[in-house]
Amino acid sequence: MTRMWKVAIAAAALTFPALPASAAGTLDQVKSKGFIQCGVSQGIIGYSAPNDKGEWSGFDVDYCRALAAAIFNDPNKVKFTPLSTKDRFTALQSGEVDILSRNTTWTLDRDTKLGLNFVGTTYYDGQGFMVKKSMKINSALELSGASVCTQTGTTTELNLADYFRNNKMKYEVVAFATVDETIKAYESGRCDVLTTDASQLYSTRLKLASPDDHVILPEIISKEPLGPVVRHGDDQWFDIAKWTFFAMLDAEELGVSSKNVEEMKKSTNPEIRRLLGVEGSLGEGLGLTNDWIVRIVSKVGNYGEVFDRNLGAGSKLKIDRGYNRLWTKGGIQYAPPVR
Amino acid sequence: MSDIAFVRKEIAPMAPPPLAVGGILGWMRKNLFSGWFNIAMTVMSLALIALILPPLLRFFFFDAVWAGDSREACLGASGACWPFIKAKFGQLVYGFYPIAERWRPDIVFALGAILLAGLLIPRVPFKRWNSILFFGVFPIVALIFLGGGNFSLNQFIIGRIIPLAAMLQGAELFGLTLSFWLDFVVSSVLITAVAYFVANALGADGRFAARAAAALLIGLGAVLLTLDFDFGLVPVETRQWGGLLVTLVVSVTGIVTSLPLGILLALGRRSHLPIVRVFSVCFIEFWRGVPLITVLFFATYMLPLFLPGGLTIDGLLRALIGVALFSAAYMAEVVRGGLQAIPKGQTEAANALGLGYWQTMNKVVMPQALALVIPGIVGNFIGLFKDTTLVLIVALFDLLGQIRAAFSDPSWATPTTLFTGFAFAGVVYFIFCFGMSRYSMFVERRTSAGRRR
């Protein structure tokens, strides 16, 4: 009798194959496919967009390339699925993509209810202010009495009210239904200040007729931590995703860049030797090779290089690193040590 | 002396009509200024043109930037930034298709255009062969050229029972999977034999059944052989297709499959056979009741949750099937409208002449019904062509999607990039839709020649 049951259960198990989400480990699946399927945006300046040659490039794209470099030693073994804000989580849950790297804000709700794990905060975003240079303002605290353009019904509007009230400043809201209208109003001088997420302010500035006439103030008044996301239920893949990001930060902290990574292997600094896999077998513990960080840094670069190339001084956007500086340089980007 | 003062000997030369009747002025008076209402309309139209045309011309031509290779060239201009379109043109047409392989879509475009022109222009001979080539051979050729061919076929029928693939260890010859073809040949022989014996047992002509089965299987085999054969083309997965290529693939597939499917469904809905009728009604009402976005979204993101682990269907194919079924349901209702306009006497007369159902439909009812609903059919085609932009939500970049993606390239971010891109998309869509519309008018004139007075 028990044997018959076993046969029946085995047969049932065969006829109902497991859902893709809970099937064999994502790393094994990715390795057997030969590429990572990475969900990106359908086009956000600096984060993920196709360039003139039709290749995806940007900050979020480079994270997926780093992951591919760590696994395959080839940053091009990654395929991109452009996703909208609405279908991004469904695509991840259904297994259409292995990882979602699409400037997604980390919130408690998303982390728990949607069955997702946030890898880390690759970019600390938040609400900022843009003003005309001619106003000669250097801080948001000097904005008292200003008229502010914003979108209606967003958290942006609430944050704005809180910030001005807390600092006992007067202001006047000029709200619009869409982003484009808001920008147009700011450009035509209906208001003195434009407020939205800082990363968006920089890309908006690029689209204005004379970008150099506008400045983005240093104050960030809300928390929008952006980062890559993986599915619940695969800790090994979560670890790899997490440590790929940490490794890029640690490499920057230790001064290891794509230009000097080969020389750095000869370094006597034990931290660098561990980071580059010259000592110990930390990479194998992750299910990768020991030189996985060498692969990431040489093929894609450290965090600072990736930031600079896509968003920072080396790019068209020229975003100030602000909070995204390393903790050693006054920012809050801090990664656990590789050891 | 005669007391007749003057007699005209020849006819006086014809005087030109008064200025107010003939010539341009006359035409204008008759058509533009014939009454106070007409005058008001004319003035208003002229004012509207004067209001719209100059800014449009300024944007498209006079203030536009024509040369340059980065955003700096377009920063100061208030007109279109054409270098942006030029830089992105390859992407707008082919999407992410590898640059070295773009000659393949080119060949498919050219082949499709030649065959389609042959079909559309009445004077071109060999219509029958042409349509066989276009509807039968061209899709397979296009699939092989665009995708690269050399599909790996696994099992046919017997292979699902006996593990042939494992026995032959995936041996291949010219890209042909030997285990599959062994499977195919054995299965085909078996099916033919079964057809023979079953037909015989039922008292029908066994030879005929066997021959029909064999012919079908040989046809299927020929198609599969072409698909499995290794032509040495680099595989390009559908994820890399994009731009106008995807727009055309989706819309042409939708247009070509929706009409025959729609005709069958319309006939089914008017059929006297209850099962056929109920099925058709359910099918049509289901697909008309669901928005296309839902269909696409479900096919792309929900289907993988239900399919067994190993089985994946290509994303573009899923969208294609969704679009085809969706448009077939709409087409069915348009065709049914035409069918209802044909008086019952036509069918009765055909029956009296001894024509069967299909002959009646084929020779008497359909030619009249379809000619009546050409505007509706073409309206559907045009709607479908524009609806293809919805595939963006399932991560396929059609022309519009590709343009939107190009907006976020930091090296082209300027105040006018957005407008330039949308203006270009508008022009392209207009050319296609207007072309379809004009051709449909031509067909209408041709098919209604008998009814014209």
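The values are calculated or read from the model by the stated rules, or taken from the named source; none is laboratory data. Please read these numbers as outputs of a predicted model, since none were measured by experiment. In this analysis, Cβ positions are derived from the backbone assuming ideal geometry, glycine residues included, and neighbour counts consider all displayed protein chains.
Note on the stretch A:39-56: residues that are more than 20 Å from A:THR122 (Cβ to Cβ), within 7 Å of another protein chain (Cβ to nearest Cβ) and either of a type outside the set (Gly, Ala, Ser) or within 15 Å of the chain's Cα centre (by Cα) (or both) total 3. Of the numbered criteria (1) part of a strand (DSSP E or B); (2) touching a Lys or Arg at 6+ places or on another chain (Cβ under 7 Å), the one A:SER144 fails is (1).
Can you name the residue in the stretch A:165-199 that is free of Cβ contacts under 8 Å to residues at least 12 places away in the same chain and not charged (D, E, K, R) and, of all such residues, is nearest to the other protein chains (Cβ to nearest Cβ)? Among those that are free of Cβ contacts under 8 Å to residues at least 12 places away in the same chain and not charged (D, E, K, R), it is A:SER188. Output the residues belonging to the stretch A:146-158 that are surrounded by fewer than 19 Cβ atoms within 10 Å (Cβ to Cβ) and at pLDDT 90 or above. Correct list: A:SER147 only. Taking the conditions (1) buried (at least 21 other Cβ atoms within 10 Å of the Cβ); (2) in contact (Cβ under 8 Å) with a residue 60 or more places away in the chain; (3) in contact with a strand residue (DSSP E or B) (Cβ under 9 Å, 6 or more places away or on another chain) in turn, A:GLY304 satisfies each one other than (2).
Here B:LEU317 does not qualify as over 23 Å from B:VAL256 (Cβ atoms), surrounded by fewer than 20 Cβ atoms within 10 Å (Cβ to Cβ) and modelled with pLDDT under 90.
Given the criterion charged (D, E, K, R), loosely packed, with under 15 Cβ neighbours inside 10 Å and either within 14 Å of chain A (Cβ to nearest Cβ) or over 30 Å from B:ILE144 (Cβ atoms) (or both), identify the matching residue among B:ASP69, B:ASP106.
Of B:ASP69, B:ASP106, the one residue that is charged (D, E, K, R), loosely packed, with under 15 Cβ neighbours inside 10 Å and either within 14 Å of chain A (Cβ to nearest Cβ) or over 30 Å from B:ILE144 (Cβ atoms) (or both) is B:ASP69.
From B:VAL427, B:VAL391, B:VAL373, B:VAL378, which residue is in contact with an Asp or Glu (Cβ under 6 Å, 6 or more places away or on another chain) and of a type in the set (A, V, I, L, M, F, W, C)? Only one candidate passes the filter, namely B:VAL391.
When each of B:GLU72, B:GLU101 is tested for being under 30 Å from A:GLY54 (Cβ atoms), in contact (Cβ under 8 Å) with a residue 40 or more places away in the chain and among the charged types (D, E, K, R), the lone residue that passes is B:GLU101.
Residues that are aliphatic (A, V, I, L, M) and touching a helix residue (DSSP H, G or I) at 6+ places or on another chain (Cβ under 6 Å) were ranked within the stretch A:221-239; the one that is surrounded by the most Cβ atoms within 10 Å (Cβ to Cβ) is A:VAL230. The helices (runs of 4 or more DSSP H) found entirely in the stretch B:272-344 that carry 3 or more residues being more than 14 Å from every other protein chain (Cβ to nearest Cβ) are B:274-289, B:315-340.
Residues in the stretch A:84-104 that are of a type in the set (Lys, Arg) and not in a loop (DSSP other than H, G, I, E, B): A:ARG88, A:ARG102. When the test is whether a residue is more than 9 Å from every other protein chain (Cβ to nearest Cβ), assigned to a helix (DSSP H, G or I) and over 30 Å from B:ARG288 (Cα atoms), B:PHE419 passes it.
Just wondering, is there one or more residues in the stretch B:393-415 that are away from every other protein chain (no Cβ under 12 Å) and of a type in the set (Phe, Trp, Tyr)? Looking for residues that are away from every other protein chain (no Cβ under 12 Å) and of a type in the set (Phe, Trp, Tyr), one finds none in the stretch B:393-415, hence no. Of the residues making up the stretch A:37-60, those that are among the hydrophobic types (A, V, I, L, M, F, W, C) and buried (at least 24 other Cβ atoms within 10 Å of the Cβ) are A:CYS38, A:VAL40, A:ILE45, A:ALA49, A:PHE59.
I'd like the residue in the stretch A:111-129 that is without any contact (Cβ under 8 Å) to a residue 60 or more places away in the chain and not in a loop (DSSP other than H, G, I, E, B) and, out of all such residues, is nearest to A:ILE36 (Cα to Cα).
Only one residue fits best here, namely A:ASP111.
Taking the stretch A:57-83 as the range and being away from chain B (no Cβ under 12 Å), of a type outside the set (Asp, Glu), in a helix (DSSP H, G or I) and closer than 26 Å to A:GLY314 by Cα as the test, the residues that pass are A:TYR63, A:CYS64, A:ARG65, A:ALA66, A:LEU67, A:ALA68, A:ALA69, A:ALA70.
Is there a residue being under 19 Å from A:ILE240 (Cβ atoms), within 11 Å of chain B (Cβ to nearest Cβ) and buried (at least 21 other Cβ atoms within 10 Å of the Cβ) anywhere in the stretch A:96-110? Scanning the stretch A:96-110 turns up at least one residue that is under 19 Å from A:ILE240 (Cβ atoms), within 11 Å of chain B (Cβ to nearest Cβ) and buried (at least 21 other Cβ atoms within 10 Å of the Cβ).
What helices (runs of 4 or more DSSP H), lying completely within the stretch A:237-294, carry at least 1 residues that are basic (Lys, Arg), over 17 Å from A:LEU67 (Cβ atoms) and in the same structural domain as A:VAL30 (by TED's automatic domain parsing)?
A:270-275
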